[in-house]
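Presented below is the structure to which this report refers.
The values are calculated or read from the model by the stated rules, or taken from the named source; none is laboratory data. None of these values were measured; they are calculated from a predicted model. Reconstructed Cβ throughout: ideal geometry from the backbone, glycine too, with neighbour counts over all protein chains shown.
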Amino acid sequence: MSQPKTIRVLFVLLSIGASLLATSVLVLLVGENPIEVFGHIWQGAFRNSEATAGVFNFWIPLALCSMGLIITFTAGLWNIGVEGQIVAGALAASWAARTFVLPNEIQIPLELLLATAGGALWGLLIGILKIRFGVHEIFGGVGLNAIISVYSIYLIAGPWQPPEGGSAQATQPFSDYALLHPMSSQFPVSLFTLILTFAAIIAVYLLLRGTRWGLQLKATGKNAKSALLLGVPTTRTTLTALMACGMLAGVAGAYRVLFTYDSLRPNVSGGIGFLGLLLVLLTGMNALWTPIVAFIFAAILSGSTRLRVSLQLDSSLAGVLQGILVLSMLLFNGLRQRLFERRRASAAPPASPLDVQPLVSDSKAASGE
């Protein structure tokens, strides 16, 4: 017996309402008007087309990473290395931007293709460490995150340093032909990457629901040993899941260097991978809810910058709101699960003595009595 969708939606709305109420109490304690605070966050995110574009520019890499993480979580993999996969994609795209001089319509697909390859390779390394050497994906991912982060700083301060001298701040800005172009000056968002993101969301949803690979991912995630006994290629499924997540994370990294910054910078991922991990856990790996919740988080983060200017409040209040939202969703999800289990237990028919009698008779017959 599955839980009705209306019940799930209701509990999500209740968790959002509870988080807003708790945040309002905190705002009142510091002597501010909660309605005014939320209004400024809304205005900061959607006051004009440029502000709205900022929300989309944060949502695009966050949604890409989150959809990739749904794949690995479905396969039972804690892909902490998604941060490193973002950086790997950023490095590959940056190398292509610095190396090739091609028309924009050829240069951009090449950079994105190399970014997907870089992210997939970094995901594959995590899988090889897990399968061949017994290193859990959490430890392998954390280690590889550190390695590629240090390597990116080495490139920025060394071989890829600006002509004016060594700097650990950023590389020289990439040429215009190597960058993603915005739709317009009023709405500076890359249309190509936006379409690619929506395509990725639809593709992940369909792959997990109606393909053989999706069934293999679910079987491996539920019980890898049992899946192997049933003929599921668990090793291949694990590797392809990590590579698929790496491909999407690589595109996210390419977007950061080819559009957000126009250059390679330290910590180019900006914690987006870890935020994606949190989102996937909150939404229960739901491929439809995850991008929606990701957009809410992107709006809160983008809109909170207005608080410092308008109300002299630190923008870290957005982090407080996000933390309370996370806690509320976890609490209400747990409450929903408990209520559902209790309802299912009460709806189960009681065991009948007639159901047990044949078992007793068979045991006596087997013993010769």
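Based on this model, can you work out whether residue 150 counts as part of a helix (DSSP H, G or I), surrounded by 12 or more Cβ atoms within 10 Å (Cβ to Cβ) and in the same structural domain as residue 96 (by TED's automatic domain parsing)? Spell out the reasoning first.
Values: part of a helix (DSSP H, G or I): yes; surrounded by 12 or more Cβ atoms within 10 Å (Cβ to Cβ): no; in the same structural domain as residue 96 (by TED's automatic domain parsing): yes.
Here the answer is no, as residue 150 does not meet what is asked.
How many of the residues in region 239-265 are of a type in the set (Lys, Arg) and over 16 Å from residue 191 (Cα atoms)? Steps first, answer last, please.
Pass one, region 239-265, residues of a type in the set (Lys, Arg): 256, 265.
Narrowing further to those that are over 16 Å from residue 191 (Cα atoms): 265.
Count: 1.
Anything in region 196-255 that is farther than 20 Å from residue 57 by Cα and among the β-branched types (Val, Ile, Thr)? List them, or say none.
204, 211, 220, 232, 234, 235, 237, 238, 240
Within the group 42, 59, 95, 78, which residue is touching a Gly at 6+ places or on another chain (Cβ under 7 Å) and either outside any helix (DSSP H, G or I) or of a type outside the set (Gly, Ala, Ser) (or both)? Walk me through it before giving the result.
Details: 59 fails: touching a Gly at 6+ places or on another chain (Cβ under 7 Å); 95 fails: touching a Gly at 6+ places or on another chain (Cβ under 7 Å); 78 fails: touching a Gly at 6+ places or on another chain (Cβ under 7 Å).
42 is the lone residue from the list that is touching a Gly at 6+ places or on another chain (Cβ under 7 Å) and either outside any helix (DSSP H, G or I) or of a type outside the set (Gly, Ala, Ser) (or both).
List the helices (runs of 4 or more DSSP H) inside region 218-331, counting only whole elements, that have at least 3 residues being in contact with a Leu (Cβ under 7 Å, 6 or more places away or on another chain), of a type outside the set (Phe, Trp, Tyr) and modelled with pLDDT of 95 or more. Write out each step before concluding.
Details: elements: 224-229, 234-255, 272-282, 289-303, 305-311.
Filter on region 218-331 gives 234-255.
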